[in-house]
Amino acid sequence: MAFTFRKKWWAILPLFLVFLGFTYWLIGLIQYRLSVMDVEEYEPISTLKVPEHLLTQAKFPFIDVHNHQFTMPIQNLDKLVKDMDELNMAVMVNLSGFRGKYLERSMENVKEHYSNRFVLFMNIDFELIDDEGWPNETLSMMEDAVKLGVKGLKVYKSLGLTDTDKDGNRIKVDDPRLDPIWAKCRELGIPVLIHTGEPAAFWLPKDKHNERWLELKQYPSRYKDPEKNPTFEAVMEEQHNIFRKHPETKFITAHLGWYGNDLARLGQLLDEMPNVYTELGAVLAELGRQPVTAREWLIQYQDRVMMGKDTYKKEEYYTYFRVLETKDEYFDYYRKRHAHWKMYGLNLPDSVLKKVYYQNALNVIPDIDRALFPIGD
């Protein structure tokens, strides 16, 4: 009986050892998993000890050429202007002026309370491109808007990506049916701030190699499936085509033209097209990770770049001031989905800061109150 038991034991011993080994491996895996957090939760506090210059106000008064205030027709502007004063923001450009009654009431609110602190850009509906009244009705509306006090045209990213004509075809940015719009802006003396496309990484596979993976995880609709969308290169080339075709119209390509990660290429675009300018809205993180290259580039193209923020949040301007004005090292950007990397200050010369902060905008956007800025500039 004892012999039989020992025989059975030796028979099942290998299986028992395998079971123990598997259990040990499984426990280790669980322990490992429990110690791993999602990248969205990982917020290490740096132990680096270097000088810090935490700025809450710009060194010079500035014009934010890229902002959105969606309730301006009924908005109490007092709190916003108080914020602007504390930031040293002299003028805010509201790109979401829209059109019609909305635009009229926005302008009434501004003129009644803070006529020299806000600039409004209008917006038009490009999907009217096949209507019987196109383009004359839209051109007439633009003329009326400028008489009302509008200082520019804002073009949203829907043009070139999602806007369609009556046949359901994508309206290309360089569709010749839009040429009268760009020509009218030249005639009226107003610039076009145009957002075309999205970051090139939105077209790349959503895998561990994509540096915008977190944003695509949080906002899946931002992914541009190459099977369903025009390529990044195609859309951007359409934008550049209208710059070339309308050399007397002033264009501001939004978000560093989505070339903040390739400043040499953006420089080539500006070299080729003297009617084109750009701004920093929502792409400061691109400059803050390449301080040597970005500083040299901004000095070289100091006459072509403007201050812009995009989404309004007072505290986020502080990072702009710190990147542009200081030589601080290794500090956080304010939105991880845009930058999981650290920022470095560019320590721009005052002469360049003044151009980026307000001088370039004064030269491109008409009729901004120059009394708000240092005398002689």
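The values are calculated or read from the model by the stated rules, or taken from the named source; none is laboratory data. These figures come from a predicted structure and were not determined experimentally. Every residue, glycine as well, gets a Cβ built from its backbone with ideal geometry; the counts of neighbours run over all protein chains shown.
Looking only at region 184-209, which residues are under 15 Å from Phe232 (Cα atoms) and in contact with a helix residue (DSSP H, G or I) (Cβ under 7 Å, 6 or more places away or on another chain)?
Start the filter on region 184-209 by keeping residues that are under 15 Å from Phe232 (Cα atoms), which leaves 195-205.
Correct list: His195, Thr196, Gly197, Glu198, Pro199, Ala200, Phe202, Trp203.
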Pairs returned, first residue in region 171-189 that is on the phi > 0 side of the Ramachandran plot, second residue that is surrounded by fewer than 19 Cβ atoms within 10 Å (Cβ to Cβ) and part of a loop (DSSP other than H, G, I, E, B), beta-carbon separation under 9 angstrom, 6 or more apart or interchain, are Gly189/Pro366
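Pick out the one residue from Glu127, Glu104 that is part of a helix (DSSP H, G or I) and in contact with a helix residue (DSSP H, G or I) (Cβ under 8 Å, 6 or more places away or on another chain).
One residue alone meets the criteria, Glu104.
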Select from region 66-101 the residues that are among the hydrophobic types (A, V, I, L, M, F, W, C) and part of a helix (DSSP H, G or I) and write down the one among them that is surrounded by the fewest Cβ atoms within 10 Å (Cβ to Cβ). Val81
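Answer yes if at least one residue in region 42-60 is in contact with a strand residue (DSSP E or B) (Cβ under 6 Å, 6 or more places away or on another chain), within 30 Å of Val364 (Cα to Cα) and of a type outside the set (A, V, I, L, M), and no otherwise.
Just the residues of region 42-60 that are in contact with a strand residue (DSSP E or B) (Cβ under 6 Å, 6 or more places away or on another chain), to begin with: none.
No, that holds for no residue.
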Count of region 329-348 residues which are closer than 20 Å to Glu43 by Cα and surrounded by 20 or more Cβ atoms within 10 Å (Cβ to Cβ): 4
Any chance Asn123 is more than 24 Å from Glu279 (Cα to Cα) and either among the polar types (S, T, N, Q) or modelled with pLDDT of 95 or more (or both): no
Tell me, which residue of region 1-60 that is more than 30 Å from Pro374 (Cα to Cα), in a loop (DSSP other than H, G, I, E, B) and of a type in the set (Gly, Ala, Ser) is modelled with the lowest pLDDT? Ser35
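Among the residues that make up region 190-199, is at least one of them surrounded by fewer than 18 Cβ atoms within 10 Å (Cβ to Cβ) and either more than 19 Å from Tyr277 (Cα to Cα) or not aromatic (Phe, Trp, Tyr) (or both)?
If we filter region 190-199 for residues that are surrounded by fewer than 18 Cβ atoms within 10 Å (Cβ to Cβ), which is where we start, we get none.
Taking every residue of region 190-199 in turn, none turns out to be surrounded by fewer than 18 Cβ atoms within 10 Å (Cβ to Cβ) and either more than 19 Å from Tyr277 (Cα to Cα) or not aromatic (Phe, Trp, Tyr) (or both).
Mind telling me which of the residues Leu280, Leu256 ends up being at negative phi, in contact (Cβ under 8 Å) with a residue 24 or more places away in the chain and either assigned by TED's automatic domain parsing to the domain that holds Val323 or buried (at least 23 other Cβ atoms within 10 Å of the Cβ) (or both)? Full working, then the answer.
Details: Leu256 fails: at negative phi.
It is Leu280.
Determine if region 74-81 includes at least one residue that is of a type in the set (D, E, K, R) and closer than 13 Å to Gly149 by Cβ. Break it down stepwise before answering.
To start, the set of residues in region 74-81 that are of a type in the set (D, E, K, R) comprises 78-79.
Add one more test, that the residue is closer than 13 Å to Gly149 by Cβ, and what stays is none.
No.
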